[in-house]
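For reference, the structure is listed below as structure tokens.
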Amino acid sequence: MNIPSSRRDRRQIVLGAIAPLVLVAAITAWNLAHKSIWVDEAYSLSTAAHHPLPETIRRAIRFELQPPLYFGLLNLWLRISPGLGFGRAFSMLCSMGTVLFLWASARQLQLRNAWVISWLAALTPGVIWAASEMRGYALGMLLVAASGRYFLRVTREGPPRTRDLAAYAVTALAALLTYYYAGFVLAGHWLAAMIAKRNRRQLTIALAIAAVSFMPFVPTVIGQVVAHPNPVRDTLASSPPRLDLYHARMTWLQGVIGEHAVTVESPNLIFLLIVSPLILIPGVPGLVRRSPSAGITGEGNGQTVLVIVAALVPLLAIGMLRATSVVLVEARHTLIALPPFLLMSVALVSGTRWRVPAGACLVALVGAVSVSLAIDEHTGLQTADWKSAGAYLSAHALIDEPILVSPSYDVLPLAYYYPRTSAIVQIPGAIRFDTADFAPVHIRDTAQLARSIDSAVRHGRFWMVEGRTEFSKERLLLNTFLESRYRTIADSSVLTIRMQHLEAR
């Protein structure tokens, strides 16, 4: 990245890079201090902390059913300090890197007011959420933004430089080894280059090198897809095939702006505000001919079509996966397509000759993400408040009272905050963290529950802690069983966690 020397360009660096990075760091630091760990983050600690690197990679593949790069890097990172906050700081740095690469891409495209992309990314709830999570989403977005930056360098006019091709191949492979859905982003790059006829052969060679390097991992990917739980697919197995476009749109929208009341109550309005820059496509002269009067000038003018195609391909591909429920796609999984979408939106606003509609679309987009970010921050970005649950149990549970936890995989986030880990018992059985076989910990019948609870509760009182679960039939079976055999002394809830103090009738 070239560092401009003029005073004006130095101001652009402060406005377009430094200030947005400070904003991301400030918001994320606030989240790190208040946000409770949840089950997926607890998995990250279990997988990456206090293990040799080969063991972490093995757990990432067999238990997490994820690519190994993020967990391998997290393993090395946590050797400096093994705490939750430090683990999340790695994601914060990755999100800051995403902002920088998007800004560099906007400058490559010679966008009018390229600093807008930095602020838009810094205010987007999906970027901030990923920065606050000890999971691989922030690293995945960073690598997608980096590969997008080198993609633009490879496809600019003239023969591409060897170092740009090498950087593109490396970041493309790293993205695949962090997040499999990054393959849709790379497919968008290739299709865009084919359509725009920009250094197609060189880009294809770079992608081929990445694909060949990834090839030995393909059997592992297939095995992970088969083994990965997919409650939506299982629910629809007995139903006629259908195309669920509504939930596909909602899933993507929740990935961009978060899962809160506004998303549920006004999804159509928010969706239209977020995608409003798409109406500017016909007003971009660069899509038809070069026009120095447009906001995208010179080199960037010919790359506008590249940006649009590269953004739309992963959005449509991941959307179709969600619409058909072929594989599990949740809101956080769509984040891999967020960096190219943000870049496309700003490119359209900057490149159109329709200045008034462009301004309105920019205000709509920035306003929608800013309000959503404020709502997210007000609600604390909590998925499950295990910190409060641990504090409540520490204050109320007696030393001889066992703490029963269902579903079993919620044992990790509770154990992070509850000091008497020896008192915690998983119901109906202990989960293994070296395999993704969850069958032994599913509740099947009352006989199984009687065996597991009777062996844990020899006499007297105990606590039953229930976290949120997709298996509603299992929760109904558990609660019916508890009501028939035990009397409730106290019943308290924090967010998605219920804590009952029980004794035999």
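Brief remarks follow.
- Cβ-Cβ under 7 Å pairs, at least 6 apart or on other chains, region 163-183 side free of Cβ contacts under 8 Å to residues at least 60 places away in the same chain, far side basic (Lys, Arg): ASP164/ARG153
- Single unsatisfied condition, ALA25 versus (1) under 20 Å from the mean Cα position of the chain (by Cα); (2) at positive phi; (3) not polar (S, T, N, Q): (2)
- Qualifying residue in region 20-42 (condition: touching a residue at least 60 places away in the same chain (Cβ under 8 Å), assigned by TED's automatic domain parsing to the domain that holds VAL225, surrounded by fewer than 18 Cβ atoms within 10 Å (Cβ to Cβ) and among the aromatic types (Phe, Trp, Tyr)): yes
- Residues (modelled with pLDDT of 90 or more, closer than 16 Å to VAL371 by Cβ and not hydrophobic (A, V, I, L, M, F, W, C)) located in region 244-286: GLN254, SER276
- Count of region 363-387 residues which are touching a Phe, Trp or Tyr at 6+ places or on another chain (Cβ under 6 Å) and in a helix (DSSP H, G or I): 2
- Number of the exception - CYS361 against (1) buried (at least 24 other Cβ atoms within 10 Å of the Cβ); (2) within 24 Å of LEU245 (Cβ to Cβ); (3) not acidic (Asp, Glu): (1)
- Considering residues of region 168-212 that are surrounded by fewer than 22 Cβ atoms within 10 Å (Cβ to Cβ) and β-branched (Val, Ile, Thr) only, the residue farthest from ILE222 (Cα to Cα): ILE195
- Condition met for ARG58 (surrounded by 15 or more Cβ atoms within 10 Å (Cβ to Cβ), over 18 Å from the mean Cα position of the chain (by Cα) and modelled with pLDDT of 90 or more): yes
- All conditions in (1) assigned to a helix (DSSP H, G or I); (2) at pLDDT below 95; (3) not charged (D, E, K, R) hold for ALA360, with the sole exception of (2).
- Any hit, region 72-83, residues being closer than 20 Å to VAL411 by Cβ, in the same structural domain as TRP119 (by TED's automatic domain parsing) and modelled with pLDDT under 95: yes
The values are calculated or read from the model by the stated rules, or taken from the named source; none is laboratory data. No experiment lies behind these values; they were computed from the predicted model shown. Positions of Cβ are generated from backbone atoms using ideal geometry, with glycine treated the same way; all protein chains shown enter the neighbour counts.
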